[in-house]
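Q: The structure that follows is given in the form of structure tokens.
Any read-out appearing in this document is the output of simple, stated calculations on the displayed coordinates, not a laboratory observation. On a predicted model such as this, the values are computed, not experimentally measured, just so you know. Quick reminder, even Gly has a Cβ in these numbers, built from the backbone with ideal geometry, and neighbours come from all protein chains shown.
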Amino acid sequence: MYKKINNIIFDKKFKFLKKYLKKNIFTNIILLLDVNTKNKCLNLILKKINFLKNYKIIIIKSGEKYKNINTCIKIWEKLISFKIDKNSIIINIGGGVITDIGGFISSLFKRGIKFINIPTTLLGMIDASIGGKNGINFKNLKNEIGIIKNPILIIINYLFIKTLPKKEIFSGLGELLKYGLIFNKKYWYFLKKINFNNYNDINWNKIIYKAVFIKNKIVNKDPEEILGFRKILNFGHTIGHAIESFFLYKKKYISHGKSISLGMLCESWISKKINNLKNKEYIEIYNEIIKYYKIIKIKEKYFNKIINFIKNDKKNYNNNIYFCLLKKIGKCSFNKKVNKDLILMSLKNMNKIYYFKKKKKNDKR
Ligand SMILES: NC(=O)c1ccc[n+]([C@@H]2O[C@H](COP(=O)([O-])OP(=O)(O)OC[C@H]3O[C@@H](n4cnc5c(N)ncnc54)[C@H](O)[C@@H]3O)[C@@H](O)[C@H]2O)c1
Ligand SMILES: [Zn+2]
């Protein structure tokens, strides 16, 4: 048997998927993959659904830089050349890039055809494939064009984690920590007991199931982000995205998980200053983050660049900058106005930690 949360199925052997595709007759089934998921994930799925004769495969290049309108055009052209009708279904097999772009092209093709997400990265399983947000980057702006539409099914199979490179594991880890901090204290303490540095020996079942449960619960309270509650998922992302964009601009790669973890560190510090987060909890968060991510320093001459990136954040309005801030571990507020000086102080604090850790390391030698 399989576990399920709404339309999210934990389907270790793809039995549910097989049954679903047998029961529902589609004119065509299109498998959308990137080069890596074609090599690492396709066979596992094909073995289970090889009874189908009417499937077609579309492969795109892998990486964030292909999450754009040109790739969409290429996919739509392929769908037209395959004569895909509205009674067909698209199965997105990949990380967040594939499920974001796959959900987007499916939602617009012939005013919308059905799609299934099969996430193959940790980030995809616990975050990107859930919640119905689909989209692409446009004019260097991340997820600027998009649509909210839910897949018919989300099929989660932990086996895909096995082929993931280390950096992809740590890219997803930041979001796991975030779920504990914003919504579920118990989950935070559950995660604290796990040493993710030994990620090969970890039993992922519980970790992923609980994370999916939390994300799904938050999204269901505010599916279209009308009440605002869903914004709490952005904790750590206001400064985190700015750090990610800044390093991209400097042509240095820093993973999403690391960027938002450093973002969470800065935003927890701000939470301590203006949202009553206790210092003891701030230190606890700090200690957990430095277990997995090296603190970086950003030269003060670049702080204005960071602020400019923050000003682009989708949560802002009326020229003010809004944050999601922690009240305590497990509870997060949203729409909190934060002034520029406090943001700069939080970045200075991160630099201070960087020098403190560097000094400690040198003292040991
Ligand atoms: N829609 C949402 O709510 C939401 C939420 C969070 C993130 N996102 C989006 O998700 C994207 C990031 O997702 P991601 O980190 O999964 O990136 P990704 O899709 O680029 O995958 C990361 C890398 O891993 C490879 N890969 C995928 N599965 C693999 C496997 N099983 N074994 C080996 N390699 C594998 C991919 O080819 C890629 O090179 C971003 O574009 C982000 O905007 C969307
Ligand atoms: Zn994120």
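Q: Among Gly96, Ile130, Ile270, whose Cα lies farthest out toward the positive end of the dipole of the chain, if unit charges sit on the beta carbon of Lys, Arg (+1) and Asp, Glu (-1)?
A: Ile270
Q: So, one more: With θ set to phi - 60° and the Karplus curve 6.51 cos²θ - 1.76 cosθ + 1.60, what are the ³J(HN,Hα) couplings of segment 278-291 in order, to the nearest whole Hz, using x for Gly and Pro?
A: Those phi angles translate into 6, 4, 4, 6, 4, 5, 4, 5, 3, 5, 5, 5, 6, 5 Hz.
Q: Quick query: amide H of Ile57 versus all other amide H atoms, modeled in the peptide plane; which residues come in under 5 Å with a sequence gap of 5 or more or a different chain?
A: Leu31
Q: Calculate the FRET efficiency for Tyr253 and Leu141 from the Cβ-Cβ distance with a Förster distance of 25 Å, rounded to the nearest 0.05.
A: Efficiency for this residue pair is about 0.85.
Q: Using a Förster distance of 56 angstrom, determine the FRET efficiency expected from the C-beta separation of Asp85 and Leu342, and round it to 0.05.
A: Efficiency, rounded to the nearest 0.05: 0.55.
Q: Would you mind checking the pairs Lys61/Lys210; Lys294/Lys358; Lys185/Lys314 and listing those with alpha carbons more than 21 angstrom apart?
A: Listed pairs above 21 Å: Lys61/Lys210; Lys185/Lys314.
Q: How would you order 236-247, 115-126, 258-269 from highest to lowest mean count of nearby Cβ atoms within 10 Å?
A: Highest-to-lowest ranking by the protection proxy: 115-126, 258-269, 236-247.
Q: Quick one: what are the phi-derived ³J(HN,Hα) couplings along segment 315-320, Karplus 6.51/-1.76/1.60 with θ = phi - 60°, whole Hz, x for glycine and proline?
A: Karplus-based 3J(HN,Hα) across segment 315-320 equals 7, 6, 7, 6, 6, 9 Hz.
Q: Is it possible to state the helix-based mean residue ellipticity at 222 nm for the chain, with each DSSP H run of 4+ residues giving -39500 (n - 2.57), the sum divided by total residues, to the nearest 500 deg cm²/dmol? What is it?
A: -15000 deg cm²/dmol
Q: Using alpha-carbon positions, what is the distance between the centroids of segment 301-365 and segment 100-151, in Å?
A: 29 Å
Q: Now a separate question. Taking segment 1-67, which trypsin sites (Lys or Arg not before Pro) meet the DSSP loop condition and have no more than 10 other C-beta atoms within 10 Å?
A: Lys53
Q: Test of understanding: what is the full-extension gain from Tyr199 to Lys185, defined as 0.36 nm times their sequence separation minus their Cα-Cα distance?
A: Residue separation times 0.36 nm, minus the Cα-Cα distance, leaves 2.8 nm.
Q: Given Trp76, Ile57, Ile289, which one lies farthest toward the positive end of the charge dipole of the chain, if we put +1 on the Cβ of every Lys and Arg and -1 on the Cβ of every Asp and Glu?
A: The residue sitting farthest along the positive end of the dipole is Ile289.
Q: Step through the residues of segment 44-53 one at a time and calculate ³J(HN,Hα) from phi using the Karplus curve (6.51 cos²θ - 1.76 cosθ + 1.60, θ = phi - 60°), rounding each to whole Hz and writing x for Gly and Pro.
A: Once rounded to whole Hz, the list reads 4, 7, 4, 3, 8, 10, 6, 6, 7, 10.
Q: Please rank Ile218, Ile25, fewest neighbouring Cβ atoms within 10 Å first, as an exposure proxy.
A: So the residues, fewest neighbours to most, are Ile25, Ile218.
Q: Moving on to the next point. Leu326's amide H: which non-local residues (gap 5+, or another chain) put their own amide H closer than 5 Å, with H modeled 1.01 Å from N in plane and none for Pro or chain starts?
A: Ser271, Ser333
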